[in-house]
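Undergrad: To start, I am sharing the structure in question, which I have written as structure tokens.
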Amino acid sequence: MKNHHLLFAVMLSASLVALTLFFTVLLKKSADSAESQVSNQIELFREEIVRAIVAKDTFTLRRFAESFRRMSAVQVNFSFSGTPESHHASCEIGSEIPIVHMGVDLGKFHLCRNDSLLFALVLSDPLFQAASLVVLILFSFSTVFPIMIYRRKTNKILSLLRDPANPVGKNKLDDIQLRILAIVEENLHTKVAIEKQSALAALAAQVSHDIRSPLSALNMLIGSLDSLAEEKRLLVRNSVQRINDIANNLLDQSRKNSLLPDRSTHPKNPSNQESIQTCICLLAPIIDMIVSEKRIQVRGTNQVQIEADLSEGYGLFADVNVTQLKSVLSNLINNSIEAFCERGSRIEIFLKNMPSGPTITVRDDGSGIPSEILGQLGQRGVTFGKQHSQSGSGIGLYHAKKMILAFGGKFEILSTEGVGTIVNLSFPPAQPPVWHVAALKIKPDLPVVALDDDQSIHNLWRDRFDVHPGFESKHRLINFTSEIQFQAEFLEAQLYLIDYELLGQTKTGLDLIEKMNIADRAVLVTSRYEEKHIIERCQKLGVKMIPKNMASLVPIQINKQKRHFDGILLDDDRLVHMAWEIGVKCHGKTLLTFESSDQLMEDLSEIAEETTFYIDSNLGQQTKGEDVARGLFERGFKNLYLATGYDPLDFAHVTWIKGIVGKDAPF
């Protein structure tokens with residue numbers, strides 16, 4: 001059957017190609033025939049045409065041209081000798097017939113093809129009509145014949161299936177009917193799911209709408225909370241922002257799902273994953289905010305203690321959706337609180353940089369989870385340990401796992417009965433944004449200025465700097481609590497730590513940084529580091545930021561003042577040391593000596609890069625001085641000499657040294 005169908009398709013294609021070629025040949029033949037007829041007529045009436053030309057009788061010439069056109073599919077125009085030929089420019093010229101009398105060129109007849117007349121002539125040709133009829137018959141046959149074959153085969157199969165004497169056919173027919181019923185039932189379930197999802201979406205949209213009014217009132221009140229401490233202001237602002245994020249998320253989800261069935265039952269299918277907007281976020285402040293929120297919720301009870309260890313988490317970023325991650329962490333902590341409310345629990349949250357990337361660990365000392373249930377957790381509807389709670393639907397863990405996987409991370413639950421449960425959330429490492437401060441690098445002999453309206457921040461900075469020997473915070477750390485004082489007593493410093501929001505004052509921290517022209521030495525310390533307009537202005541000014549709740553974690557590096565020497569000698573011979581030390585005393589120079597490269601490396605960080613080094617080539621224990629010199633060169637030390645008795649030509653390949661000196665002191 002398939003071969004017959006293919007055969008008729010090939011025949012039809014070949015017929016169409018042949019018909020096209022035939023049409024082209026007829027078109028060319030008709031054009032040539034028409035031009036030949038006109039040429040013969042011009043020769044037949046040449047004498048009359050010549051007399052009309054000599055007499056300038058344009059009327060007669062136009063009559064000749066019109067009669068030639070009527071008898072053929074060719075347009076004919078005449079032009080006198082020496083006149084322009086623009087009158088025939090709109091048609092395709094077939095040929096030109098000159099009119100010459102007694103050796104004088106009188107003019108030309110221009111024969112132009114009239115395509116519409118030629119097409120009509122070809123279409124009316126009996127041969128072409130016959131060929132077209134054949135192709136039409138082949139087309140009809142090639143279409144109807146396969147349908148007839150298919151119908152014949154189908155009727156034969158149906159007759160076999162309906163035959164009561166054929167049990168196999170009856171079973172097949174029953175199977176087809178069952179499949180049709182299954183498809184109908186599935187469509188009905190899909191319709192019900194769509195209606196249910198639409199109802200939930202409408203409810204989510206209504207809840208989102210109803211939240212807006214109290215949110216607007218709360219946002220208005222935030223601006224008048226000057227009397228609250230910084231910590232409480234931050235908590236209120238973050239809580240309101242989170243409610244706003246939840247409302248936005250509800251509205252967004254309602255729009256996505258209002259006309260679509262819930263596809264989240266297939267989380268492993270990438271084509272069914274919802275599009276999630278993510279950004280590069282600092283993880284530690286997110287954890288700190290959620291932990292603060294949960295502590296307030298359990299405040300006044302002795303049943304639950306919530307602790308967060310973020311000491312190893314500063315500078316860890318991940319590409320996540322902040323609202324969804326907050327929801328995941330909140331649900332995980334709620335699980336521990338609700339599951340172990342009777343016996344009490346200690347919940348600990350850690351943030352560490354593991355080989356797999358930044359990892360958040362939520363650990364409790366509850367009763368644990370049985371192994372037969374542990375493997376099922378994270379599936380929709382599976383829950384455990386919430387016998388005394390009304391929220392045990394299993395959606396929380398399912399949503400948490402789904403979100404972490406959507407971020408490209410890993411979700412892991414470990415539990416031992418009688419010991420407790422650990423949940424690990426791992427994320428792919430992300431490149432920090434440009435505003436991030438990896439560490440505060442300061443010199444011990446220059447002042448640092450801090451501007452903040454909260455005295456607790458000044459105390460925090462003083463405590464941070466006090467632990468670093470060499471930096472006297474009592475004399476080097478200068479504190480200001482107002483913009484007026486900061487501007488009036490402005491002094492040059494190596495670093496300015498400035499708050500953004502100075503309550504009750506006219507200028508922000510960024511305004512002062514721009515006005516005082518200190519962007520290259522300033523760091524904005526603010527709890528509003530995630531706000532878009534602040535990030536954009538920091539990028540414009542070239543200012544970096546530290547989240548205020550991370551001020552206690554940002555690393556501080558005190559760059560010690562480097563020592564300067566007239567020379568440093570590295571030689572394993574003690575007698576050489578004694579000889580050089582005598583030489584430098586006579587010339588009033590300073591010299592630092594080392595017997596091994598290990599000793600040198602211990603003190604290298606305190607030595608200025610411009611110092612001159614004199615290194616023996618043979619340092620013993622198979623250590624070559626030229627190799628040590630190469631390491632110093634790569635660290636930024638350029639004034640390097642070999643102090644050796646060997647021939648300088650032996651070191652022509654050592655391009656990282658300036659020269660060769662002998663064993664005598666060059667002072």
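Undergrad: Determine, for each peptide in 561-571, 630-640, the mean count of other beta carbons within 10 angstrom over its residues, then list the peptides with the highest first.
TA: For the peptides 561-571, 630-640, the packing ranking is 561-571, 630-640.
Undergrad: Could you work out how far apart the two model spin labels at Arg151 and Val661 are, taking each label as a point 7 Å from the Cα in the direction of the beta carbon, and quote it in nm?
TA: 10.9 nm
Undergrad: Which FRET efficiency value, to the nearest 0.05, is calculated for His653 and Cys586 with the Förster distance at 25 angstrom and r the Cβ-Cβ distance?
TA: 0.10
Undergrad: Starting from the alpha-carbon convex hull of the stretch 574-667, give the projected area averaged over all orientations, in nm².
TA: 6.0 nm²
Undergrad: Largest first, how would Glu595, Glu489 line up by accessible area (1.4 Å probe)?
TA: In descending accessible area the options line up as Glu489, Glu595.
Undergrad: Quick one: accessible area per residue over the stretch 518-667, 1.4 Å probe, rounded to a whole number of Å²?
TA: In whole numbers, the stretch 518-667 has 54 Å² accessible per residue.
Undergrad: Between Arg179 and Ala130, take the C-beta separation as r, use R0 = 41 Å, and let me know the FRET efficiency to the nearest 0.05.
TA: 0.20
Undergrad: Probe 1.4 Å, all protein chains in place: accessible area of Met403 in Å², nearest 10?
TA: The value for Met403 is about 10 Å².
Undergrad: Same structure, new question: Compare the peptides 414-427, 614-627, 180-193 by average per-residue count of other Cβ atoms within 10 angstrom and give them in order, highest first.
TA: Sorting 414-427, 614-627, 180-193 by mean packing, highest first, produces 414-427, 614-627, 180-193.
Undergrad: Which order do Val104, Val50 take when ranked by solvent-accessible area (1.4 Å probe, heavy atoms of all protein chains), largest first?
TA: Ranking Val104, Val50 by accessible area, largest first, yields Val104, Val50.
Undergrad: Also, quick follow-up: Going down the table (Lys562/Lys624; Lys589/Lys624; Lys352/Lys410; Lys515/Lys560; Lys443/Lys562), which pairs top 22 Å between alpha carbons?
TA: Beyond 22 Å between Cα atoms: Lys562/Lys624; Lys589/Lys624; Lys515/Lys560.
Undergrad: Next question. Relative contact order for the stretch 556-648: what percent, with Cα pairs under 8 Å and sequence separation of 6 or more?
TA: This gives 31 percent for the stretch 556-648.
Undergrad: So between Lys443 and Gln487, what do we pick up on full extension, going 0.36 nm a residue minus the alpha carbon distance?
TA: Here the answer is 13.5 nm.
Undergrad: How large a share of the accessible area of the stretch 418-470, in percent, is made up of carbon and sulfur atoms when the probe is 1.4 Å and the other protein chains stay in place?
TA: Here it works out to 58 percent.
Undergrad: Let me ask you something else. Ignoring any ligand, DNA or RNA, what whole percent of the accessible area of the stretch 527-606 comes from carbon and sulfur when the probe is 1.4 angstrom?
TA: Carbon plus sulfur share of accessible area: 49 percent.
Undergrad: Can you pull the one-decimal nm distance between simple spin-label points at Lys560 and Met354, each 7 Å off the Cα toward Cβ?
TA: In this crude label model, Lys560 to Met354 measures out at 3.8 nm.
The values are calculated or read from the model by the stated rules, or taken from the named source; none is laboratory data. Keep in mind it's a predicted model, so treat the numbers as computed, not measured. No Cβ is skipped: glycine too gets one built from the backbone with ideal geometry, and neighbour counts run over all protein chains shown. Ligands, DNA and RNA are excluded from the accessible area calculation, which covers all protein heavy atoms including side chains. Shrake-Rupley method; radii C 1.70, N 1.55, O 1.52, S 1.80 Å.
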